[in-house]
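Worksheet: one structure, shown below.
The values are calculated or read from the model by the stated rules, or taken from the named source; none is laboratory data. All values reported here derive from a predicted model rather than from experimental measurement. Every residue, glycine among them, receives a Cβ derived from its backbone with ideal geometry; neighbour counts consider all protein chains shown. Surface accessibility is based on the protein's heavy atoms, side chains included, excluding ligands, DNA and RNA. Shrake-Rupley method; radii C 1.70, N 1.55, O 1.52, S 1.80 Å.
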Amino acid sequence: MTTDAFRLSPDDRKLLPSDEEVAFYQEHGWYLSRKLLTDDEVDTLVEASERFYGGHRDRTLPVRPPRLAYWEPSRGDVHRHNDYIFYEDDTVRRILSKPVIAAVAARIARTSQIRLWNSTLIYKPPRPEDEGTIVPWHFDRHYWQTCTSDEMLTAFIPFHDCDEEMGTITMVDGSHRWKEVGGNDATTRHFAERDRSELDEMLEENADFNNETVRKIPVVIPKGHISFHHCRTYHGSGVNRSDRPRRAISFHLQDRTNQYRPFEISTGERVVYNNDVLVRQTPDGHPDYTDPEFCPVLWQEQA
């Protein structure tokens, strides 16, 4: 990618977080951006997602990772998650490659480079009675134990105005600064594989350990705006009580320093993240988290 790809227009620069907003993210663990996507771009993402659900792929993964989240029509109208949407759909890739998105992430994370980590297309149906659509309290760092960085972050990108009625993302304010208690092998498992009450209890235990109160902040996100959160910020979402589906992409991002590290659980088994079976290898035989095919650079600060 040429250096011109990482240049911002004067209008883009007006969208970057201020020093005060960077400080807010560092203190609270989340940040709501200005309008980074136009209405036309957001509407195009909706159209692309519908084509994807209808079977369109610009390319498919060369192998199927062990813990791939991948809704298929045979599963019906349920809470849908489809990993690697940035890889499989060129329209999504083009829009989410806008340099201003990753430039915002770089500024709040205080890093000079942002690379893609993963991307998940999400569809939450309008079924308030379906508790299976609840995303319980968790933080992303637990699932990224093969990463060396504690400064990775996620951009939550809804395809419409997104409020509490739709089950918007909710942050536990400041929880990224907590010290963790009671960590065990189970924390490496995705929240979908764990009991929700267990995760609720874990949140309360960690709050008590840090002498903190659990302050839940539902992030009301206008169309075209993006919510960012730190990889150690507890978050979740409720049911969709509106009359239309909640559509979004979770856009997981690496800072410059991140690289692979071996991570073993108590049985001696090594944790394998989905990227590990897709990316190229480093000279020493480890997964290369700078692989441009699956982990492309999205923002690079110019000298």
(request) Could you tell me whether segment 195-296 comes out rounded, prolate or oblate from its Cα gyration tensor? Rule is a ≥ b ≥ c as square roots of the eigenvalues, rounded for a/c under 1.5, then prolate if a/b exceeds b/c, otherwise oblate. (result) oblate
(message) At 1.4 Å probe radius, can you tell me the per residue accessible area of segment 10-300 in Å²?
(response) 43
(message) Need the list of aspartates and glutamates near K124 for cross-linking: C-alpha distance under 19 angstrom, and skip anything on the same chain fewer than eight residues off.
(response) D43, E47, E50, E72, D77, D83, D161, D163, E164, E165, E193, D243
(request) Could you tell me which of rounded, prolate or oblate describes segment 244-303, using a ≥ b ≥ c as the square roots of the eigenvalues of the alpha-carbon gyration tensor, with rounded for a/c under 1.5 and, failing that, prolate when a/b is larger than b/c and oblate otherwise? (result) oblate
(request) Divide the volume of the convex hull of the Cα atoms of segment 10-300 by its number of residues and quote the answer in cubic angstrom per residue. (result) 133
(request) Which order do the peptides 102-115, 240-253, 10-23 take when ranked by the mean count of other beta-carbon atoms within 10 Å per residue, highest first? (result) 102-115, 240-253, 10-23
(request) Using the Karplus curve 6.51 cos²θ - 1.76 cosθ + 1.60 with θ = phi - 60°, work out ³J(HN,Hα) for each residue of segment 142-151 in order, rounded to whole Hz, and write x for Gly and Pro. (result) 4, 8, 10, 5, 7, 9, 7, 8, 9, 10
(message) Report, in listed order, any pair from K98/K223; K35/K179; K14/K98 with a Cα-Cα distance greater than 24 Å.
(response) K35/K179
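At 222 nm, what value in deg cm²/dmol follows for the chain if DSSP H runs of at least 4 each add -39500 (n - 2.57) and the sum is divided by all its residues, to the nearest 500?
Working: 7 runs with 65 residues, N = 303.
Counting only the DSSP helices, I get -6000 deg cm²/dmol.
Percent relative contact order of the chain, based on C-alpha pairs within less than 8 angstrom and at least six residues apart?
Answer for the chain is 30 percent.
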(request) Report the extension gain between D77 and D243 in nm, rounded to one decimal, defined as 0.36 nm multiplied by the number of residues separating them, less their alpha carbon distance. (result) 58.3 nm
(message) Modelling each spin label as a point 7 Å along the Cα-to-Cβ direction, I'd like the T213/S197 distance in nm, to one decimal.
(response) 2.7
(request) Pop a pseudo-label 7 angstrom from the Cα along the beta-carbon direction at both Q281 and F24 and give the gap in nm to one decimal. (result) 4.7
(request) Select from M166, T91, T120 the residue farthest towards the positive end of the dipole of segment 81-185; place +1 on Cβ of Lys and Arg, -1 on Cβ of Asp and Glu, and compute about the Cα centre. (result) T91
(message) How big is the dipole moment of the chain about its Cα centre under a simple scheme where the beta carbon of each Lys and Arg is +1, that of each Asp and Glu is -1, and everything else is neutral? Debye, nearest 20, please.
(response) 600
